[in-house]
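Asker: First the structure, then my questions, so here it is.
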Amino acid sequence: MNQNNHQITADEAKAALESLNAAKKVAVNSQRPPKWLIFLSSLFLGIETLSAGFSSGSSLWTFVMIVSTIALLISIGSWFIVLRTKGITVKFIGVSKAEKTLGIISGILVGLIIIASQTLYHMGYNWFPYVAAIANSLILAFTIYFCPAMEWITKEAKK
């Protein structure tokens with residue numbers, strides 16, 4: 001192999017870093033679903049949370065919860081299928097510790113809100129399932145939009 005003793009200038013190094021950041025931005029943004037799909041997924045999770053809060057043995061609310069869960073899985077699963085047909089492999093769990101922590105915390109938070117919704121409804125707080133549904137919808141929309149690859153997107157990366 002040839003040894004190259006050519007020194008890299010600061011401008012060349014800066015241009016190389018900018019090129020790498022641009023490639024990373026394109027890769028991460030290609031994993032972000034369209035806004036209408038984010039809205040639908042968030043809506044389905046909100047309906048699931050609301051119906052879980054109201055389902056105290058009621059077969060109607062349980063049915064709504066099951067249907068909204070299936071619709072949520074189909075909406076998210078269809079996006080994974082679209083990405084696979086484009087040749088993009090989706091990570092379900094992040095690689096770094098921060099990515100794993102983000103996934104675990106958001107999952108636990110959504111689960112706790114669903115449990116709290118049902119518990120507080122049984123305690124007489126009839127309004128709480130509505131608040132819980134909105135909270136879970138916003139958490140899912142925020143996570144999917146700002147962390148599509150389980151990696152936080154900064155304002156500079158969105159430009």
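Asker: Among the residues of segment 87-136, how many are part of a helix (DSSP H, G or I) and under 11 Å from Gly53 (Cβ atoms)? Give the steps one after another, and end with the answer.
Answerer: In the first step, residues of segment 87-136 are kept if they are part of a helix (DSSP H, G or I); the result is 97-122, 128-136.
Those still in the list that are under 11 Å from Gly53 (Cβ atoms) too: 113-122, 128-133, 136.
Looking only at that region, the number is 17.
Asker: Another one. Looking at Ile108, Ile81, Ile8, which is the one that is free of Cβ contacts under 8 Å to residues at least 40 places away in the same chain, closer than 30 Å to Asn126 by Cα and surrounded by fewer than 16 Cβ atoms within 10 Å (Cβ to Cβ)?
Answerer: Testing whether each residue is free of Cβ contacts under 8 Å to residues at least 40 places away in the same chain, closer than 30 Å to Asn126 by Cα and surrounded by fewer than 16 Cβ atoms within 10 Å (Cβ to Cβ) leaves just Ile108.
Asker: Residues in segment 1-56 that are polar (S, T, N, Q), modelled with pLDDT under 85 and closer than 30 Å to Ala133 by Cα: how many?
Answerer: Count: 5.
Asker: Regarding segment 19-29, can at least one residue be identified that is surrounded by 15 or more Cβ atoms within 10 Å (Cβ to Cβ), in contact (Cβ under 8 Å) with a residue 24 or more places away in the chain, assigned to a helix (DSSP H, G or I) and basic (Lys, Arg)?
Answerer: Scanning segment 19-29 turns up at least one residue that is surrounded by 15 or more Cβ atoms within 10 Å (Cβ to Cβ), in contact (Cβ under 8 Å) with a residue 24 or more places away in the chain, assigned to a helix (DSSP H, G or I) and basic (Lys, Arg).
Asker: Now a separate question. List the number of the failed condition for Ser51; all other conditions in (1) farther than 22 Å from Pro148 by Cβ; (2) surrounded by fewer than 18 Cβ atoms within 10 Å (Cβ to Cβ) hold.
Answerer: (2)
Asker: Something else now. Which ones in segment 84-104 are among the aliphatic types (A, V, I, L, M) and either modelled with pLDDT of 90 or more or surrounded by 13 or more Cβ atoms within 10 Å (Cβ to Cβ) (or both)? Quick ask: steps written out before the conclusion?
Answerer: So in segment 84-104, the residues among the aliphatic types (A, V, I, L, M) come out as 88, 90, 93, 95, 98, 102, 104.
Hits for segment 84-104 are Ile88, Val90, Leu102.
The values are calculated or read from the model by the stated rules, or taken from the named source; none is laboratory data. Note that this is a predicted model, so its numbers are computed, not measured. Here Cβ is always computed from backbone atoms with ideal geometry, including for glycine, and neighbour counts include all displayed protein chains.
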